[in-house]
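*Asks:* The following block contains the structure, expressed as structure tokens.
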Amino acid sequence: WVHLSAGDLLRAERESGSENAAMINSFIKEGKIVPVEVTVKLLLAAMEKNPGKKFLIDGFPRSMDNKDGWYSVVGDKAEVAFCLFYDCPEEELEKRLLKRGETSGRDDDNIESIKKRFRTFKETSMPVVEWFGSRGMLRTVSSVQTVEEVWAATKRVFDALESGKKEPVPKPQVVFVLGGPGAGKGTQCANIVREYGWVHLSAGDLLRAERESGSENAAMINSFIKEGKIVPVEVTVKLLLAAMEKNPGKKFLIDGFPRSMDNKDGWYSVVGDKAEVAFCLFYDCPEEELEKRLLKRGETSGRDDDNIESIKKRFRTFKETSMPVVEWFGSRGMLRTVSSVQTVEEVWAATKRVFDALESGKKEPVPKPQVVFVLGGPGAGKGTQCANIVREYGWVHLSAG
């Protein structure tokens, strides 16, 4: 495995003289935290320099913001095997750090700094440990034992991982479908379902069904709506994920989602690498044409929002909240745009070309780089064990700190 350190990568980048270096130094000079996206992109770049390797990322993610940043930037480009947590009582850690302070010369190996570091770890890093635990993605090793005993326990964890190697299993494939109101998404989604056998999911329909189900979730959703609050994106994404799990082996069109950058971040935070987003399909149409269509529809639809005032408001909302999502996918080469100014038949012909290209490009799943996050309180012995893992299993060690 390869051992990566985010801190080492940040320090190296600061000294590189790059455009990134100036920006990082500016943040540090002003006493601001370097955005997590910068750190994650450095980790990703280091991983791309070691194709075919597996990675130990040491001391990262240190916070829920770090974890969300990882899944938002990396998405399904890498597979997180688990988080390895070295568990040790504070009393033992304190004793070790004070002992180390006698010879280390480190400014932070004093009792006041140590107590502060423990508080920070407990408040910001333990929620990450618990998050991985709640998903069955946590491996805990007690580091109260001798170095040799800790290594024996660590070795058992990695022996189990290495012996459990399997051929990569295809993950459910997802296409997000976006477009302004009246762009014709529903019509084209129905065509795709009929022609290619994809499953069409609507976040709005799933929320409505859940509200009427009488479940615990229903009460919570209705409470949010009653108080005029937005339903948390995690709730919506979990409903989408549950619907996908009911259709194993299928591919999914998710219509009208993600509507905002918060939706997009929520997707990658909750779903992580459980599904593969092929691309975002965007039906592009000028506002003038959309307005004409919606006013025409309003003559017979009976919909309250098919009037000029509501239509203008919906356009503004789409432009301000959804277009940044379209641009985000575009910046990652994950956008397919179809002009929906044409006739329904012409739009379908263009849509069909997009899906024919996707279907004909089927490949055997390619193994993604495997990642293990390594966490533990200050002095828990992460560095020693990471060095052992690198030597024994050939992983790459990356350190965020």
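The numbers here are math on the coordinates, done by the rules we state, and not lab data. On a predicted model such as this, the values are computed, not experimentally measured, just so you know. When we count neighbours, we look across all protein chains shown, and the Cβ atoms used for this are built from the backbone with ideal geometry, even at glycine.
*Asks:* Before rounding to the nearest 500, sum -39500 (n - 2.57) across all DSSP H runs of length at least 4 in the chain and divide by the residue total; then give [θ] at 222 nm in deg cm²/dmol.
*Replies:* Computed mean residue ellipticity for the chain: -16500 deg cm²/dmol.
*Asks:* If amide H atoms are built 1.01 Å from N in the plane of the peptide, which residues on other chains or at least 5 residues away come under 5 Å of the amide H of H200?
*Replies:* HN-HN under 5 Å from H200: L253.
*Asks:* Next question. As a test of the definition: which semi-axes, in Å, follow for the range 21-132 when you take the square root of five times each eigenvalue of its alpha carbon gyration tensor? Largest first, please.
*Replies:* So the equivalent ellipsoid measures 28, 19, 15 Å along its semi-axes.
*Asks:* Still on this structure: Distance between the C-alpha centers of the range 329-355 and the range 246-291? Whole Å please.
*Replies:* 14
*Asks:* For the Cα atoms of the chain, what angle does the longest principal axis make with the long axis of helix 287-301, in degrees from 0 to 90, nearest 10?
*Replies:* Result, in degrees: 60.
*Asks:* Give the separation of the Cα centroids, the range 110-161 to the range 1-49, in Å.
*Replies:* 24
*Asks:* Quick check on packing: order 234-246, 214-226, 271-283, 372-384 by the mean number of other C-beta atoms within 10 Å, highest mean leading.
*Replies:* 372-384, 271-283, 234-246, 214-226
*Asks:* Pick out, in residue order, every one of the trypsin sites (Lys or Arg not before Pro) in the range 14-63 that is DSSP loop and has at most 10 other C-beta atoms within 10 Å; say none if there are none.
*Replies:* K32, K49
*Asks:* Using θ = phi - 60° and the Karplus relation 6.51 cos²θ - 1.76 cosθ + 1.60, list the HN-Hα couplings for the range 62-70 in order, rounded to whole Hz, with x at every Gly or Pro.
*Replies:* So the Karplus estimates, Gly and Pro as x, are 7, 8, 5, 4, 4, 4, 5, x, 4 Hz.
*Asks:* Oh, and also: What ranking do S113, S213 get, fewest neighbouring Cβ atoms within 10 angstrom at the top?
*Replies:* Fewest-to-most Cβ neighbours within 10 Å comes out as S213, S113.
*Asks:* For the range 173-360, compute Rh as the Kirkwood radius over C-alpha pairs and then the Stokes-Einstein diffusion coefficient at 37 °C and 0.692 mPa s; write the answer in µm²/s, rounded to an integer.
*Replies:* After rounding, the answer is 188 µm²/s.
*Asks:* Compute from the Cα atoms of the chain the Rg and the Dmax, the latter being the longest Cα-Cα distance, and quote both in angstrom.
*Replies:* 24.7, 82
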